[in-house]
Each structure stands twice: as C-alpha cells, then as structure tokens.
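Trainee: Here it is, the structure, as structure tokens.
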Amino acid sequence: MSQTVRTRPEGSARPLSEGYDTALLDLDGVVYAGGSAIAHAVESLGAARAGGMHLAYVTNNALRTPDAVAAHLTELGIPAEASDVITSAQAVARLIGEQVPAGARVLVVGGEGLRVALRERGLVPVESADDDPVAVVQGYGGPELPWGRFAEACYAIARGLPWFASNTDLTIPGARGIAPGNGAAVEVVRIATGAEPEVAGKPLPPMHRETILRTGAERPLVVGDRLDTDIEGAFNGEVDSLLVLTGVTDGAQLLAAPSHQRPTYVDADLRGLLTGQPDVAAAGDGFRCGGWTATAGKDRLELEGDGEALDGLRALCAAAWTAAGEGSCELDGAKALARLGL
Ligand SMILES: [Mg+2]
C-alpha cells in the first residue's frame, strides 16, 4: 500500500474475508455496543472464520484483560481466546519494556489490564511514587480509580520519570451516556505537570506493531467504526481498512474525512466482510456506483439515480474526496445523504 491520496472507495471482486488473511476488528461500535452484540456481527464473524479468515480483536481499552474480553466475546456467541485479543495495555507495556531495564518497577495509574500486561513483559507494577518506579504508565482505570493516583503520577513525573499512556481516547460511551476516558485522565496529569506522555494506542504505530507481532498477519484488514483511531491507525500502518457504520461515524463525517482518515472500503455492518465490494467508476464529471451517480457541484454534492443506499454513499465519497484532495470536503452533502436515508 502507498500513502497516495485516496479519492474513492475501492472495489473487490472477491469477498473481503477471502482477500485478506486476518481481520483486525475494533470492538465497541463494530462487534458490540453497550455489552450486546451488534446486529449481524455474530453470524458474519462465524462465517468469515469458517471460511478461513483469522479474527483478532484490537481495543484501545486498557482496563480489561485479554482473558476478560475473550470471555465476553465467547458469551456473546463469538468464540475467542485471550490470544485473539490485543489491547493498548499490551502495546504500552512493550514500549516501556524497550526503554527500561528488565524487572524495573512501573507506577500504574490504571486497571488490571495494565498490571497484567506489565507483568507479561517482566515489569513490576507499583502503586506509589515512593515505591522506586522508573516510569509512569496511565491507562483507563474505570470509575473507581481514586484521585490520589493522579497525584502519585504527578509526583513521579516531577522527579523526571518518563510518562507513558496506553491511549488518549477522550471519552468512553456507555449505556447512560458519555463518560471521561483515559484521554481525559491524561489531560488531568498533563495540566498539573506540563509534561507530555508517550502514547501507544490507535492510531499510533506502537498499537499497530503490537497487533501485527501478536497475530502474524500478512495481509490484514483493519475493521473499525472510528475515523480518527481505527481508520487513521490503518493508514499509519499502511494496511487496508473497512469502515462499518454501526458505531460513531455517520455519512457526513465520512464524506468530510481528510485523506489520512479515508477507509479502503465502506459497508453498513460486518456482513461487508462476506461480500465483494462494488467498483466506483468515473462517469462524466462525476462518479458512479451501482445505480447512483454523484457529482461535486459549486456548493454541494449532487446525487442522481437509485439503488442500494451504500452504493450511493460510495459514489458520494468519490465525489467529495476527489473535490477535497488531501483535505476535508466542505461541500454540503446533507440533501444527498437524506435521499439515501443516511
Ligand atoms: Mg469503536
């Protein structure tokens, strides 16, 4: 893959599950939401796996251990082993292990997932700045993380210790609304210390490297619902990606995506793994996909034809991304998206 500017979604004559050896699946908004499986996820993943595709689950959430995530997936009807789960806790633990001596103590501001990952790399998690740590690591600690742990991090960082963060997702969506995520907790320490952490999670390279090292994927497909983590992480890792619309990204955000956040493929949900992808072709001064033709007008995106809504969206992506070049399309796509019911 090259880092040239993507101006349209790609087609694929073969089902994606046959064209790629491993799916690197994001969890929230892709496989499950609020604890329940997303529609079509269980059957689609079962069929992809039966067809020989290796499935791996890649999460920025550092709180839960791979064992706990695998147990949750299995309970939902998606059989998974701990070794199929890659977390930002594992990625940050490897990063720290490369920079400190074996057996070093690391001050943990976070949860069990982080402690387990540090021990796996031969490091010793400690709880206080006075326990002789050589580094500080911060990951999502859940609602029970005491405020005093941020103070410990600040004391240690003020003594000159390097500071690492598993990820910087600002929010955690839950059943009752949006809660502060690890990125918000990192801001607390950043404001108090003026220091900058080294970050491992998506979309940064340490997370992608961890994923490839653990899965051995040779031709991976990143599958995600977020442009600024999953899809940008795939771009940074120079691998192909599938955006599914079951999570946080809507049609308008996709049309406005700058070049480093444009997915290779777009589909409604994980059934997209089992099918080919239609071609988007230049047609006159616009782009055609299925029965739809999209063009970039002066102020807005125009759409003509009929057929599958997803084909209309793919044609609109081509018109918007081509008009925008590397940047973010500013043409109004609301009317065209409304016509597609997206
Ligand atoms: Mg997600």
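Trainee: If I histogram all Cα-Cα distances within region 270-342 using bins 10 Å wide from 0, what percent of pairs lands in each bin?
Mentor: That works out to 22, 52, 23, 2, in percent per bin.
Trainee: Another question about this same structure. How high is the relative contact order of region 164-230, in percent, counting Cα pairs under 8 Å that sit 6 or more residues apart?
Mentor: 27 percent
Trainee: In addition: Stokes-Einstein diffusion coefficient for region 192-342 at 10 °C in a medium of 1.306 mPa s, Rh from the Kirkwood formula over Cα pairs: what value in µm²/s?
Mentor: D, rounded to a whole number, is 97 µm²/s.
Trainee: To continue, here is another question. Dipole size in debye (nearest 20) for the chain around its Cα centre, Lys and Arg Cβ +1, Asp and Glu Cβ -1?
Mentor: Using only the charged Cβ atoms, the result is roughly 180 debye.
Trainee: In whole angstrom, how far apart do the alpha carbon centroids of region 138-214 and region 267-342 sit?
Mentor: What the calculation gives is 37 Å, centre to centre.
Trainee: In region 161-205, how does Rg compare with the Kirkwood Rh, expressed as the Rg/Rh ratio over alpha carbon atoms?
Mentor: Result for region 161-205 is an Rg/Rh of 1.03.
Trainee: Given the C-alpha atoms of the chain, compute the convex hull and give its volume per residue in Å³.
Mentor: Spelled out: Cα convex hull of the chain, divided by residues, is 136 Å³.
Trainee: When only Cα pairs under 8 Å and 6 or more residues apart are kept, what is the percent relative contact order across the chain?
Mentor: Normalised by residue count, the contact order of the chain is 21 percent.
Trainee: Can you show me the helix-derived [θ] at 222 nm for the chain, built from DSSP H runs with n ≥ 4 at -39,500 (n - 2.57) apiece and divided by the number of residues, rounded to the nearest 500.
Mentor: Theoretical 222 nm ellipticity from helices: -9500 deg cm²/dmol.
Trainee: Collect residues whose amide H, placed 1.01 Å from N in the peptide plane, falls under 5 Å from the amide H of A135; neighbours closer than 5 in sequence don't count.
Mentor: Long-range HN contacts for A135: L107.
Trainee: Please list 303-311, 219-227 highest first by mean number of surrounding beta-carbon atoms within 10 Å per residue.
Mentor: So the order, starting with the most tightly packed, is 219-227, 303-311.
Trainee: Here's something else I'd like to know. In 5 Å bins starting at zero, report the fraction of Cα pairs in region 170-281 per bin as a rounded %.
Mentor: Calculated over all Cα pairs of region 170-281, the distribution is 2, 10, 17, 19, 20, 16, 9, 4, 2, 1, 0 percent.
Trainee: Measure of size requested: the Rg and Dmax of region 73-164, with Cα atoms as the atom set and Å as the unit; please supply both.
Mentor: Radius of gyration, then largest Cα-Cα span, for region 73-164: 14.2, 48 Å.
Trainee: So, one more: Taking just the C-alpha trace of region 232-300, give me its Rg and Dmax in Å.
Mentor: Gyration radius and largest Cα-Cα distance of region 232-300: 13.4, 38 Å.
Trainee: So if I restrict to the alpha-carbon atoms in region 175-227, what is the Rg, and what is Dmax, the biggest pairwise distance, in Å?
Mentor: In order Rg, Dmax, the Cα atoms of region 175-227 give 15.2, 43 Å.
Trainee: Follow-up. Return one quarter of the surface area of the convex hull spanned by the alpha-carbon atoms of region 97-138, equal to its mean projected area, in nm².
Mentor: 2.5 nm²
Trainee: What number, in percent, do you get for the relative contact order of region 57-133 if the mean sequence gap of Cα pairs under 8 Å and at least 6 apart is divided by its residue count?
Mentor: Relative contact order, region 57-133: 32 percent.
Trainee: Based on the Kirkwood radius over alpha-carbon pairs, what value in µm²/s does the Stokes-Einstein equation return for the translational diffusion coefficient of region 1-42 at 37 °C and 0.692 mPa s?
Mentor: 250 µm²/s
Trainee: Using only alpha carbons, build the gyration tensor for region 30-104 and give me the equivalent ellipsoid semi-axes, biggest first, whole Å.
Mentor: 28, 13, 10
Trainee: Follow-up question, since we're still on this one. Rank by packing, highest mean first: peptides 206-212, 91-97, 155-161, with packing defined as the count of other Cβ atoms within 10 Å averaged across residues.
Mentor: 91-97, 206-212, 155-161
Trainee: Here is a further query. Based on the mean of other beta carbon atoms within 10 Å per residue, what is the order of 183-192, 240-249, most packed first?
Mentor: Sorting 183-192, 240-249 by mean packing, highest first, produces 240-249, 183-192.
Computed from the coordinates by the stated procedures, all read-outs in this text should not be read as laboratory data. Since the model is a prediction, treat every value here as computed from it, not as a measurement. Reconstructed Cβ throughout: ideal geometry from the backbone, glycine too, with neighbour counts over all protein chains shown.
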